[in-house]
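Engineer: Below you will find the structure I want to go over with you.
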Amino acid sequence: MPMKWWGWGEEGETFPLPDPEGFWAYVRQRLGETGGSPRIDSLETVDVRPSRLEGRDVEALRRAAGEGALTTDPAARAVYSFGKGYCDVVRLRRGEVPNPTDVVVWPETEEQVAAILDLAAERGIAVIPFGGGTSVVGGLEPVPGRPCITLHLGRLSRILAVDPIAGTVTAESGILGPALEQQLNARGFTLGHFPQSFQYSSLGGWIATRSAGQKSTLYGKIEKRLHSLRLVYPGGDLSTPEVPAAAAGPDLNQAVAGSEGVLGVITHATMRLAPLPEHRDFRGYLFQSFHEGIEACRQFLRCELRPAVLRLSDEPETGTTIAMRAPPSGEAASEPVRAALLILGFEGIEREVGWGWEEAEAVLGRYGGQSLGRGPGEAWDRSRYDAPYLRDLLLDHGIMADTLETATTWGHYLDLYRAVRDAMAAALGERGQVMAHLSHSYSDGGSIYYTFLAPQERGNELGQWQRVKSAATQAIVEHGGALSHHHGIGSDHRPWMAAYLGAGGVRALAALKQAFDPHGIMNPGKLLVTPEEAKFD
Ligand SMILES: Cc1cc2nc3c(=O)[nH]c(=O)nc-3n(C[C@H](O)[C@H](O)[C@H](O)COP(=O)(O)OP(=O)(O)OC[C@H]3O[C@@H](n4cnc5c(N)ncnc54)[C@H](O)[C@@H]3O)c2cc1C
């Protein structure tokens, strides 16, 4: 079943609120009264500019992509011109499609991908690789003023080989999370990559954005699991060597990982697998403050034992988590929660899980961590893909809800956390809420993932979002955080790339682009700033 065009999941699926009345009363207590947010009934009625491709280009593409693998239908072009970020969803719900793609094609073979890219290069048409379509950084929208092909990878979704001796899988890039994981599990393996968008995002999209799964503290971000890949670019292709490690110059796997479709199309990749865990044990802990919890996590990560999940919510997020399950009423509803919830989980062979808990309990206890047992851990595990459905409900109630993320080293962690939180709170205004958690950890630092909410400013929904996003991103760059830890750059973060990378970094990426895509047809307007665009003081 395809995803609903106006939100997350399939038509009819929604967020399971145990006490809807209590929850909305809690939301009103925090945000005040909010209006509704009108949504058009169908995309069929939307005014989508006609395809700008000439008939001969459409015919040539039809020959290249194969019969039945192309559409210029306006509603389809509207849906495939967006990802699933807040601004994408808001515009689609209002029927605003300012930059529709001109054609969507579904190639089934690598040869067809190459033929489409060659044709596009010859005719100067832009190409946007489209995996699962879950980008939240404006990674999929065409740029104005240029005809565009959206190259959907959904039919390139086969597992090509599993090597049980090396413990690797080679799969085509359009395969989605569940199909890949189910086939691996049947052979006793896991990729260990579970982003919240797991059900709808693709292997190629994960690699192209350097995605992080909910268990990345154990399994690593996707680039850590990348063994080798194949990139088809206009006029050529690149296959990286199938070796476990090499000293043969800079690592081209890592140059392509995170390239967001601007260099070419990743058609397949070989990934490192882990054995399917025998044993899993997730529990909850409570700390008196986020600060104390962070210190406990940092100390724990000094040992070499890695939990699968280490997710510490700050005080406002802890309050919201509790309210979603059992909304407080009366005076308690307006009391701020003064505690930080940690979900800690180990998985693997039973002995390792046991060692993990021994070490964790000793360290967490030293920093005031109070065990809540398995209840909160198991509840988190059951509901870990649910939050995106809540955004749809909040939007229906006229509430802006979005997330953004960064990462830094432990020594700077709390300073960055506060600086970005405060910048967002100021931009949101009095009726806004900001909350955050740590969810991807390393021995030297961790990510910070913010959620922000406010009543929508009617008529200025995109301007309101941009104000908060800009304030947060500026604070991240000024305080030395990662411009993105796992969502990528897309068009949303692109204006900060020069400040983040510096002149040398901008030139290096521009040279890479020139090498693979000299005609500049691949996903224009994403990730890269040209040296000419970049302004340095
Ligand atoms: C509700 C929700 C939850 C999310 N949770 C997470 C999370 O937990 N962790 C996380 O990391 N991200 C998360 N994301 C962001 C998003 O899911 C990731 O960026 C994901 O990796 C995108 O994969 P995709 O297949 O949907 O790619 P798309 O959205 O289709 O594409 C993303 C970018 O990659 C390029 N691209 C896609 N496929 C290819 C290919 N084969 N070759 C070259 N370029 C390609 C596209 O052109 C685009 O620039 C979330 C998004 C949503 C909406």
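Engineer: Indicate, rounded to the nearest 5 percent, the antiparallel portion of the DSSP beta bridges found entirely in the chain.
Structural biologist: 85 percent
Engineer: Note the per residue figure in Å³ for the convex hull of the C-alpha positions in the stretch 89-205.
Structural biologist: 116 Å³
Engineer: Treat the stretch 208-286 as a sphere of radius equal to its Kirkwood radius over Cα pairs and apply Stokes-Einstein at 10 °C in a medium of 1.306 mPa s; give the translational diffusion coefficient in µm²/s, rounded to a whole number.
Structural biologist: For these conditions, the coefficient is 110 µm²/s.
Engineer: Simple spin-label model, 7 Å along Cα-to-Cβ: GLU96 to GLU457 in nm?
Structural biologist: For GLU96 paired with GLU457, the spin-label model returns 1.3 nm.
Engineer: Also, quick follow-up: Mind checking which lysines have their Cα closer than 18 Å to the Cα of LYS224? Skip sequence neighbours fewer than 8 apart in that chain.
Structural biologist: Straight-line reach from LYS224, under 18 Å: LYS215.
Engineer: Next question. May I ask you to give the solvent-accessible area per residue for the stretch 8-96, in square angstrom, as obtained with a 1.4 angstrom probe?
Structural biologist: Spelled out: the 1.4 Å probe surface of the stretch 8-96, per residue, equals 50 Å².
Engineer: Same structure again: Compute the accessible area per residue over the stretch 387-493, keeping the other protein chains in place, probe 1.4 Å, unit Å².
Structural biologist: On a per-residue basis, 33 Å².
Engineer: Okay, moving on. Between ASP73 and TRP24, what is the spin-label point distance in nm, taking each point 7 Å from the Cα along the Cα→C-beta axis?
Structural biologist: 3.4 nm
Engineer: Let me ask you something else. On average, how much accessible surface per residue is there in the stretch 258-352, in Å², for a 1.4 Å probe, leaving out ligands, DNA and RNA?
Structural biologist: 40 Å²
Engineer: Okay, moving on. Given the peptides 449-458, 4-13, arrange them by the average over their residues of other C-beta atoms within 10 Å, most packed first.
Structural biologist: 449-458, 4-13
Engineer: If you don't mind, there's one more thing I want to ask. May I ask you to work out the translational diffusion coefficient for the stretch 425-532 at 4 °C, viscosity 1.567 mPa s, via Stokes-Einstein with Rh from the Kirkwood sum over Cα pairs, reported in whole µm²/s?
Structural biologist: In µm²/s, the coefficient rounds to 81.
Engineer: Divide the volume of the convex hull of the Cα atoms of the chain by its number of residues and quote the answer in cubic angstrom per residue.
Structural biologist: Taking only Cα atoms, the chain has a hull volume of 152 Å³ per residue.
Engineer: Count the net charge of all other residues whose Cβ sits under 11 Å from the Cβ of SER289, scoring Lys and Arg as +1 and Asp and Glu as -1.
Structural biologist: -3
Engineer: So, one more: Measuring from a point 7 Å past the Cα of SER334 along Cα-to-C-beta, which residues in the stretch 9-35 have an amide N at less than 13 Å?
Structural biologist: 29-32
Engineer: Further, regarding this structure: Could you give each residue of the stretch 248-263 its phi-based ³J(HN,Hα) in whole Hz, using Karplus coefficients 6.51, -1.76, 1.60 with θ = phi - 60°, and x for Gly or Pro?
Structural biologist: 10, x, x, 7, 6, 4, 6, 6, 7, 4, x, 7, 6, x, 8, 9
Engineer: Let me ask another. For the stretch 281-368, what Kirkwood radius comes out of the mean inverse Cα-Cα distance, in Å?
Structural biologist: 13.8 Å
Engineer: Follow-up. Separation between the ARG49 and ALA245 pseudo-spin-labels, each 7 Å from Cα along Cα→Cβ, expressed in nm?
Structural biologist: Simple spin-label model gives 5.1 nm for this pair.
Engineer: Apply 1/(1 + (r/R0)^6) to the Cβ-Cβ distance of GLN254 and SER443, taking R0 = 25 Å, and write down the FRET efficiency to the nearest 0.05.
Structural biologist: E between GLN254 and SER443, to the nearest 0.05, is 0.80.
Engineer: Can you give me the % of accessible surface on the chain that is carbon or sulfur? Probe 1.4 Å, all protein chains present, nothing else counted.
Structural biologist: With neighbouring chains kept in place, the figure for the chain is 52 percent.
Engineer: Can you tell me what share of the DSSP beta bridges in the stretch 1-154 is antiparallel? A percent to the nearest 5 is fine.
Structural biologist: Counting only bridges with both partners in the stretch 1-154, antiparallel ones make up about 20 percent.
Engineer: Restricting attention to the alpha-carbon atoms of the stretch 401-452, what are Rg (one decimal) and Dmax (integer), both in Å?
Structural biologist: That works out to 11.3, 37 Å for Rg and Dmax.
Engineer: Further question: Between ILE40 and ARG280, what length in nm is gained on full extension when 0.36 nm per residue of separation is reduced by their alpha carbon distance?
Structural biologist: Length gained, ILE40 through ARG280: 82.0 nm.
Engineer: Excluding same-chain residues fewer than 8 positions from LYS84, which lysines have a Cα within less than 20 Å of its Cα?
Structural biologist: LYS84 reaches LYS4, LYS469, LYS526.
Engineer: On to the next question. Only Lys, Arg, Asp and Glu count, each charged at its Cβ (+1, +1, -1, -1), so figure out the dipole size of the stretch 134-267 about its Cα centre, rounded to 20 debye.
Structural biologist: In debye, rounded to 20, the stretch 134-267 gives about 200.
Engineer: For the stretch 426-483, what is the Kirkwood estimate of the hydrodynamic radius, computed as the reciprocal of the mean inverse distance between distinct Cα atoms, to one decimal in Å?
Structural biologist: 12.9 Å
Engineer: Hey, another quick one. For a quick size check, give me the Cα extents of the stretch 189-248 along its three principal axes, largest first, whole Å.
Structural biologist: Ordered largest first, the stretch 189-248 gives principal extents of 35, 28, 19 Å.
Engineer: Now, a different point. I need the Kirkwood Rh of the stretch 1-67: take the reciprocal of the average 1/r across all distinct C-alpha pairs and report it in angstrom.
Structural biologist: Roughly 17.0 Å, rounded to one decimal.
Engineer: Using the Cβ atoms and a cut-off under 13 Å, what net charge is assigned to the surroundings of ALA76, where Lys and Arg are +1 and Asp and Glu are -1?
Structural biologist: Result for the neighbourhood of ALA76: -2.
Engineer: Here's something else I'd like to know. Can you give me the P(r) profile for the stretch 361-491? Cα pairs, bins 10 angstrom wide beginning at 0, each as a whole percent.
Structural biologist: Once binned at 10 Å, the Cα pair distances of the stretch 361-491 give 11, 35, 35, 17, 3, 0.
Engineer: Please give me, ordered by residue number, the GluC sites (Glu not before Pro) of the stretch 351-445 that lie in loop per DSSP and have at most 13 other Cβ atoms within 10 Å.
Structural biologist: Answer by residue number: GLU430.
Engineer: Measuring from the lowest to the highest alpha carbon on each principal axis, how far does the stretch 31-107 reach, largest first, in angstroms?
Structural biologist: Largest first, the stretch 31-107 extends 56, 21, 18 Å along its Cα principal axes.
The values are calculated or read from the model by the stated rules, or taken from the named source; none is laboratory data. These numbers were taken from a predicted model, which means no experiment stands behind them. All Cβ positions, even for glycine, are placed from backbone atoms using ideal geometry, and neighbour counts span all protein chains on display. Side chains included, ligands, DNA and RNA excluded: accessible areas come from the protein's heavy atoms. Shrake-Rupley method; radii C 1.70, N 1.55, O 1.52, S 1.80 Å.
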